[in-house]
Amino acid sequence: MTSDAPHAPAVIDTTRPSVARVYDCFLGGKDNYEVDRQVFEQVDAVAPQMKLLARAGRNWLVRVTRFLAGSAGLDQFLDLGAGLPAAENTHQAAQRMNPDARVVYVDNDPVVAAHGRALLEENDNTRLVNADLTRPDEIFTDPEIIRHLDLSRPLALIHSSTVHHISDGENPAEMMRRYVELLPSGSYLVLSHFADPQDGGEGSALARCVEDIFANGAMGSGYFRTREQIEGYFGGLQLVEPGLVPLNQWWPDGPLLSHTTADQVALGGVARKP
Ligand SMILES: C[S@@+](CC[C@H](N)C(=O)[O-])C[C@H]1O[C@@H](n2cnc3c(N)ncnc32)[C@H](O)[C@@H]1O
């Protein structure tokens, strides 16, 4: 589906599900095709609570962005694997706190480029760049990205629900090690990831079941990794409170009124580079 050259226009392949479009189904969006809905329906039939997890992921991203643009005082955001526009996106959350905050989204899905650009590039301080997030050195030297962000100054590097789509064969640990190395001092790394609690309980069973549909099925990715693996992606950086936790537990907006097993199968955290 994607082309060899990250910046070349890519063709929309409607015969195979894409991560961005399947995720759009989970969020109740309209930018998806029959092949994408089939993956969604397979999961939804056995694990309807995964829809809540997708929404919890977006809400978490908004709370994190609010914290970073507010208390942490950041004015630059590099949101890797942006996805299709949702109810609220990184630039809206950041620019509500600081209208001058600059946001660059990166994605390699042609539907994100075609349908997302208008909504994501709402103003002069937001850009969508078509690039491959698995190549940290190329991201940090990409002419379009460095035209809009000063990568020698503190920034927020956002990996929201992206790394679990990178297979072990693509070496996500090395990719993240390099990202942490490239980040200037004072930056924050934001990461959320599917998790397997590995406790023999319902959460672990859910993780195994959904990974089987996602990764072993037509979509071909969606890995539920261990807490230790996910912690490792922060490369030893100090996590801000409350650490690496289920998404609903990261500075919730209020009391948590309901819990589902899906709360156990994703973890998120924010860490600062000294
Ligand atoms: C599950 S979605 C997450 C969207 C958004 N970050 C969020 O948390 O709501 C993952 C996104 O990463 C993008 N993606 C996956 N692999 C990528 C790659 N190698 N380069 C750029 N984008 C990629 C997909 O196209 C998709 O839009």
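Report the residue count in region 159-195 for those that are buried (at least 21 other Cβ atoms within 10 Å of the Cβ) and of a type in the set (Asp, Glu).
Step one: filter region 159-195 for residues buried (at least 21 other Cβ atoms within 10 Å of the Cβ), giving 159-165, 172, 176, 179, 183, 187-195.
After this cut, where a residue has to be of a type in the set (Asp, Glu) as well, the list is none.
The qualifying residues number 0.
Taking only pairs six or more apart or across chains, which ones have beta-carbon atoms under 8 Å, a first residue in region 105-127 that is within 18 Å of VAL11 (Cα to Cα), and a second residue that is within 12 Å of the ligand (Cβ to nearest atom) and basic (Lys, Arg)?
Sorted first by the residue in region 105-127, then by its partner, the pairs are ASP109/ARG21; VAL111/ARG21.
Conditions first: (1) touching a residue at least 12 places away in the same chain (Cβ under 8 Å); (2) within 19 Å of LEU120 (Cβ to Cβ). VAL39 passes all but one, so which condition is the exception?
For VAL39, the exception is condition (2).
Can you tell me how many residues within region 111-153 are aliphatic (A, V, I, L, M), open to solvent by 60 Å² or more (accessible area, probe 1.4 Å) and either assigned to a loop (DSSP other than H, G, I, E, B) or more than 21 Å from ASP75 (Cα to Cα) (or both)? I'd like the intermediate steps shown before the answer.
Taking region 111-153 as the starting set, the residues that turn out to be aliphatic (A, V, I, L, M) are 111-114, 118-120, 128-129, 131, 133, 139, 145-146, 149, 151.
If we keep only those that are open to solvent by 60 Å² or more (accessible area, probe 1.4 Å) too, we end up with 114, 118-119, 146.
Next, only the ones that are either assigned to a loop (DSSP other than H, G, I, E, B) or more than 21 Å from ASP75 (Cα to Cα) (or both) stay: 114, 118.
The number of residues fulfilling the criteria is 2.
Only one of these is surrounded by fewer than 18 Cβ atoms within 10 Å (Cβ to Cβ) and either touching a strand residue (DSSP E or B) at 6+ places or on another chain (Cβ under 8 Å) or at pLDDT below 95 (or both): SER71, SER3. Name it.
On the way: SER71 fails: either touching a strand residue (DSSP E or B) at 6+ places or on another chain (Cβ under 8 Å) or at pLDDT below 95 (or both).
Within the list SER71, SER3, the selection yields SER3.
How many residues are within 12 Å of the ligand (Cβ to nearest atom) and open to solvent by 40 Å² or more (accessible area, probe 1.4 Å) if we restrict to region 32-59?
Counting residues in region 32-59 that are within 12 Å of the ligand (Cβ to nearest atom) and open to solvent by 40 Å² or more (accessible area, probe 1.4 Å) gives 2.
Checking GLY200 against (1) on the phi > 0 side of the Ramachandran plot; (2) touching a helix residue (DSSP H, G or I) at 6+ places or on another chain (Cβ under 6 Å), which single condition isn't satisfied?
The single condition GLY200 does not satisfy is (2).
I'm trying to understand the selection: among the residues of region 165-183, which are touching an Asp or Glu at 6+ places or on another chain (Cβ under 9 Å) and not basic (Lys, Arg)?
Of the residues in region 165-183, the ones touching an Asp or Glu at 6+ places or on another chain (Cβ under 9 Å) are 178, 182.
Scanning region 165-183 gives a single hit, LEU182.
Tally the residues that are within 9 Å of the ligand (Cβ to nearest atom) and either on the phi > 0 side of the Ramachandran plot or over 15 Å from the mean Cα position of the chain (by Cα) (or both), restricting the search to region 111-127.
Taking region 111-127 as the starting set, the residues that turn out to be within 9 Å of the ligand (Cβ to nearest atom) are 111-112, 116.
Filter once more, so that each one left must be either on the phi > 0 side of the Ramachandran plot or over 15 Å from the mean Cα position of the chain (by Cα) (or both): 111, 116.
Going through region 111-127 one residue at a time, the tally reaches 2.
Can you pull out the residues in region 216-237 that are open to solvent by 20 Å² or more (accessible area, probe 1.4 Å) and hydrophobic (A, V, I, L, M, F, W, C)?
Applying the first criterion (open to solvent by 20 Å² or more (accessible area, probe 1.4 Å)) to region 216-237 yields 216-220, 223, 226-229, 231-232, 235-237.
Selection gives ALA218, MET219, LEU237.
On the given criteria, is ALA101 open to solvent by less than 30 Å² (accessible area, probe 1.4 Å) and more than 15 Å from the ligand (Cβ to nearest atom)? Walk me through it before giving the result.
Details: open to solvent by less than 30 Å² (accessible area, probe 1.4 Å): yes; more than 15 Å from the ligand (Cβ to nearest atom): yes.
Against the criterion (open to solvent by less than 30 Å² (accessible area, probe 1.4 Å) and more than 15 Å from the ligand (Cβ to nearest atom)), ALA101 qualifies.
Has region 165-185 got at least one residue that is basic (Lys, Arg), away from the ligand (no atom under 16 Å from the Cβ) and without any contact (Cβ under 8 Å) to a residue 40 or more places away in the chain?
From region 165-185, those basic (Lys, Arg) are 177-178; that's our starting set.
Right, trim to away from the ligand (no atom under 16 Å from the Cβ) and you get 177.
Among the residues that remain, those that are also without any contact (Cβ under 8 Å) to a residue 40 or more places away in the chain are: none.
Within region 165-185 (the criterion being basic (Lys, Arg), away from the ligand (no atom under 16 Å from the Cβ) and without any contact (Cβ under 8 Å) to a residue 40 or more places away in the chain), the answer is no, since none of the residues qualifies.
With respect to the numbered conditions (1) open to solvent by less than 30 Å² (accessible area, probe 1.4 Å); (2) touching a Pro at 6+ places or on another chain (Cβ under 8 Å), which one is the sole condition not fulfilled by ASN108?
ASN108 satisfies every listed condition except (1).
Got a sec? Which of SER161, SER221 is on the phi > 0 side of the Ramachandran plot, within 16 Å of the ligand (Cβ to nearest atom) and under 17 Å from the mean Cα position of the chain (by Cα)?
On the way: SER221 fails: on the phi > 0 side of the Ramachandran plot.
Going through SER161, SER221 in turn, the sole match is SER161.
The values are calculated or read from the model by the stated rules, or taken from the named source; none is laboratory data. Quick caveat: nothing in here was measured; it's all calculated off a predicted structure. Heads up, the Cβs are rebuilt from the backbone with ideal geometry, glycines too, and the neighbour counts pull from every protein chain shown. Heads up: the accessible areas ignore ligands, DNA and RNA and are worked out on the full protein's heavy atoms, side chains in. Shrake-Rupley method; radii C 1.70, N 1.55, O 1.52, S 1.80 Å.
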